[in-house]
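Let me begin by presenting the structure, written as structure tokens, before commenting on it.
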Amino acid sequence: MGKANPLMPQTVTVLDITTETPDVKTLRVAGKEGIPFDFMPGQCAMLSVPPVGEAIFSITSSPHCRDCLEFSIKRVGDVSGVLHELVSGRQLGIRGPYGNGFPVDEMKGKDLLFIGGGIGLAPLRSLIGYCFANREEYGHIDIVYGARSPADLVRKSEIGETWPEQPDSTVYLTVDAEFPDWSGHVGFVPSYVSELAFTPENRIAVTCGPPIMIKFVLQALEKLNFAPEHVITTLEMRMKCGVGKCGRCNLGSVYVCKDGPVFSLAQLNELPSEY
Amino acid sequence: MSAMLLNKDKWPEFVGKLSGKVWVPKVEEGEAIRFGPLSGEESKLPEYCNTRVPPKEIVFPETETLYCFQADEHEMTAPEIDERKIIIGIRPCDARAMKIVEKLFRWDVDDPYYLKHRELVTLVGLACNAPGLNCFCTSVGGGPASTEGLDIIMFDLEDRYLLETITEKGEALLKEVEGLLEEAGQDVLAQKEKLIEAAENKISRSVDTEGIAEGLPGLWEDPLWKRVSASCLGCGTCTYLCPTCHCFDIQDETEGFEARRYRTWDSCMFEEYTRHASGHNPRPTRRERTRNRINHKYSYYVDKFDLIACVGCGRCINYCPVNIDIVEILRQVKEAL
């Protein structure tokens with residue numbers, strides 16, 4: 001049952017680990033010949049640390065990076081906990097890629113609005129990297145990103161330096177409350193989006209973050225008259241197999257691991273409001 | 001294909017001659033009936049309506065090793081699945097269930113474990129002469145003598161069995177015991193028809209499934225879900241004993257330097273089943289979990305595979321510790337439509 005076995009991981013090595021925030025680290029991993037598989041932004045992979053277990057994470061790097069895969073991971077459970085304790089050189093199991101990915105072709109020619117919260121930047125970062133690598137294909141890029149505190153903002157060098165310097169792009173940062181070392185915007189992500197009053201004409205909004213943030217961002221975008229077809233989000237669900245068998249990640253008759261994790265608001269409106 | 005008779009005196013010889021590991025219903029401690037490997041001491045099949053644990057456990061073990069490895073190393077070895085098995089006395093509902101579940105394990109990506117077990121198993125069913133109090137197979141596409149999923153179907157004719165082959169696998173199996181069988185005549189086939197009719201008439205419970213699959217999503221916020229789940233304990237018995245429930249968890253386990261990753265039956269009725277590592281749970285109470293169980297069987301599966309993922313075996317009704325009754329739930333669903 002070697003290669004045909006979808007539950008059997010392949011081996012990758014941890015190249016290095018960067019501390020992003022008090023509870024987020026970024027792991028760079030690679031197989032013998034660089035990335036272990038091709039993927040599209042928004043797809044996920046099951047990382048495996050035997051004998052602790054497996055958990056699914058979105059791929060944070062852009063597909064243009066061929067040397068390694070990056071995963072920005074928040075420490076919340078058993079597997080993420082042990083991933084945080086790893087040192088470079090350690091081996092990991094990996095299987096994937098899973099899920100549908102973002103509709104990068106449908107987004108061509110459009111202005112893009114990325115809205116992220118906390119660790120929700122992880123999947124968006126793959127897409128943002130993809131769009132910057134294909135800069136001429138996309139219109140103006142706005143990135144609204146927030147976290148609980150300045151210390152919880154991830155990928156600080158990119159959000160602070162790399163992305164604002166890209167042509168025809170704007171980055172808006174916010175944190176939930178006042179902090180002594182923070183002179184930027186203060187407020188929750190959804191209200192910042194309303195405040196910035198983005199226009200829906202020729203624009204696609206892509207949002208990812210904690211469920212409660214997504215809920216209010218979707219409401220904010222609706223008020224700004226974004227059509228449900230032009231609002232895209234990614235959902236997370238507890239997953240075990242990644243291949244539509246183990247049963248738990250369904251929303252109605254769709255499996256988030258196969259048919260998701262990327263959905264348009266129009267699609268979500270057709271599904272049971274379970275999330 | 002062929003219709004043969006087996007005198008019950010020849011039962012031990014019959015099961016003893018078959019090539020492969022034979023599984024038969026056995027009386028467990030506490031008088032429950034469960035499938036187990038033939039020990040050689042069985043002179044006949046026990047009296048049973050159906051086993052408590054469905055024979056899905058033979059092709060989809062409650063706990064199954066996916067692969068073994070040495071702790072701290074990444075060389076992984078998947079176990080070989082190569083044992084031929086013959087399940088004798090499986091009821092038609094449980095064989096139909098295997099056919100229904102196979103759709104999922106073949107969908108999109110093949111599940112090599114399930115499909116290998118399934119490929120190596122021969123199903124010799126026993127038609128029901130006396131369906132149970134809570135059987136409702138005839139409402140969901142089955143029947144006491146349904147042959148779906150079976151390789152051979154047997155009919156209990158008091159002192160002998162009538163064996164009819166359904167598939168070539170079944171035909172090949174009968175070849176192995178040719179000497180013990182005699183051809184069945186027209187009179188026996190007429191007797192069989194009468195038995196089937198009598199069995200069907202004994203089924204007293206029914207569900208009107210018309211409009212349920214399409215209508216269920218519209219009842220999402222209906223008060224019925226709170227009502228029907230109010231007494232649920234969340235024990236998961238309904239799903240563990242369900243022949244079509246196939247959800248599983250994947251876990252690692254270590255003993256010394258030996259480690260393995262295995263899958264194990266899981267249940268949508270458990271709180272942890274959908275709970276994210278963050279603590280967020282999309283199905284936080286028994287109301288949402290019950291709603292998902294019914295929707296999955298009677299709407300989502302129909303949507304995906306055009307099949308109801310329930311065979312009407314009645315186990316979830318018989319063994320629910322607080323008497324939650326799926327037939328009653330479906331009656332309330334129908335009423336609310």
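The values are calculated or read from the model by the stated rules, or taken from the named source; none is laboratory data. Keep in mind the model is a prediction, meaning the values are calculated, not measured. When we count neighbours, we look across all protein chains shown, and the Cβ atoms used for this are built from the backbone with ideal geometry, even at glycine.
Please give the number of the condition A:Val175 fails out of (1) within 21 Å of A:Leu112 (Cα to Cα); (2) buried (at least 20 other Cβ atoms within 10 Å of the Cβ); (3) without any contact (Cβ under 8 Å) to a residue 60 or more places away in the chain.
(1) is the only condition that A:Val175 fails.
Quick check, is B:Gly170 surrounded by fewer than 22 Cβ atoms within 10 Å (Cβ to Cβ), away from chain A (no Cβ under 14 Å) and touching a residue at least 60 places away in the same chain (Cβ under 8 Å)?
no
Which members of the stretch B:234-249 meet the condition of being more than 11 Å from chain A (Cβ to nearest Cβ), touching a Cys at 6+ places or on another chain (Cβ under 8 Å) and part of a loop (DSSP other than H, G, I, E, B)?
B:Leu241, B:Cys242, B:Pro243, B:Thr244
Can you confirm whether B:Ile329 is over 23 Å from B:Lys103 (Cα atoms), assigned to a helix (DSSP H, G or I) and more than 10 Å from chain A (Cβ to nearest Cβ)?
Against the criterion (over 23 Å from B:Lys103 (Cα atoms), assigned to a helix (DSSP H, G or I) and more than 10 Å from chain A (Cβ to nearest Cβ)), B:Ile329 qualifies.
With the requirement that a residue be small (Gly, Ala, Ser) and either touching a Leu at 6+ places or on another chain (Cβ under 8 Å) or part of a loop (DSSP other than H, G, I, E, B) (or both), what does the stretch A:243-275 give you?
Scanning the stretch A:243-275 gives A:Gly244, A:Gly247, A:Gly252, A:Ser253, A:Gly260, A:Ser273.
Which one of A:Ser88, A:Ser157, A:Ser80 is outside the structural domain of A:Arg28 (by TED's automatic domain parsing) and of a type in the set (S, T, N, Q)?
None of the others qualify; the one that does is A:Ser157.
Considering each of B:Ala277, B:Ala259 in turn, give the residue that is at the interface with chain A (Cβ under 10 Å from one of its Cβ atoms) and surrounded by fewer than 18 Cβ atoms within 10 Å (Cβ to Cβ).
Selected residue: B:Ala277, the only one of B:Ala277, B:Ala259 that is at the interface with chain A (Cβ under 10 Å from one of its Cβ atoms) and surrounded by fewer than 18 Cβ atoms within 10 Å (Cβ to Cβ).
Here is a check on your reading of the model: is A:Val29 outside the structural domain of A:Asp168 (by TED's automatic domain parsing) and within 18 Å of the chain's Cα centre (by Cα)?
yes
With the condition kept exactly as written, say whether any residue in the stretch A:86-94 is more than 14 Å from chain B (Cβ to nearest Cβ) and crowded, with 21+ Cβ neighbours inside 10 Å.
no
Looking at the stretch B:170-184, is at least one residue closer than 12 Å to B:Ser2 by Cα, assigned to a strand (DSSP E or B) and aliphatic (A, V, I, L, M)?
yes
Take the conditions of a type in the set (Lys, Arg), modelled with pLDDT of 95 or more and more than 25 Å from B:Pro12 (Cα to Cα) and apply them to B:Lys103. Does it pass?
When the stated conditions are applied, B:Lys103 passes them.
Only one residue in A:Val217, A:Val206, A:Val256, A:Val262 is under 25 Å from A:Pro9 (Cβ atoms) and modelled with pLDDT of 95 or more. Which one?
Just a single option satisfies the conditions, and that option is A:Val262.
Could you check how many residues of the stretch A:205-242 are in a helix (DSSP H, G or I) and among the small types (Gly, Ala, Ser)?
The total comes to 1.
Any idea which residue in the stretch A:240-275 is nearest to B:His276 (Cα to Cα), counting only those that are within 14 Å of chain B (Cβ to nearest Cβ), buried (at least 24 other Cβ atoms within 10 Å of the Cβ) and in contact (Cβ under 8 Å) with a residue 40 or more places away in the chain?
Within the stretch A:240-275, the match that is nearest to B:His276 (Cα to Cα) is A:Lys240.
The conditions are (1) part of a strand (DSSP E or B); (2) of a type outside the set (Asp, Glu); (3) away from chain B (no Cβ under 13 Å), and A:Pro41 fails exactly one of them. Which is it?
(1)
Within the stretch A:106-113, is there a residue that is buried (at least 24 other Cβ atoms within 10 Å of the Cβ) and either farther than 14 Å from A:Glu158 by Cα or charged (D, E, K, R) (or both)?
Yes, some residue in the stretch A:106-113 is buried (at least 24 other Cβ atoms within 10 Å of the Cβ) and either farther than 14 Å from A:Glu158 by Cα or charged (D, E, K, R) (or both).
If I go through the stretch A:78-120 residue by residue, how many of them are part of a helix (DSSP H, G or I) and touching a helix residue (DSSP H, G or I) at 6+ places or on another chain (Cβ under 8 Å)?
So the answer is 2.
Consider only pairs whose beta carbons are under 8 Å apart and that are at least six residues apart or on different chains; among these, list those whose first residue lies in the stretch B:201-220 and is at positive phi and whose second residue is in a loop (DSSP other than H, G, I, E, B).
Listed pairs, sorted by first residue: B:Gly211/B:Leu337.
Which of the following residues is assigned by TED's automatic domain parsing to the domain that holds A:Gly34, farther than 17 Å from A:Thr18 by Cα and in contact (Cβ under 8 Å) with a residue 24 or more places away in the chain: A:Ile73, A:Ile59, A:Ile94?
Answer to the check: A:Ile94.
Report, by residue number, each residue of the stretch B:15-27 that is outside any loop (DSSP other than H, G, I, E, B), within 17 Å of B:Leu123 (Cβ to Cβ) and among the hydrophobic types (A, V, I, L, M, F, W, C).
If the condition is that a residue be outside any loop (DSSP other than H, G, I, E, B), within 17 Å of B:Leu123 (Cβ to Cβ) and among the hydrophobic types (A, V, I, L, M, F, W, C), then B:Val15, B:Val22, B:Trp23, B:Val24 are the ones that fit.
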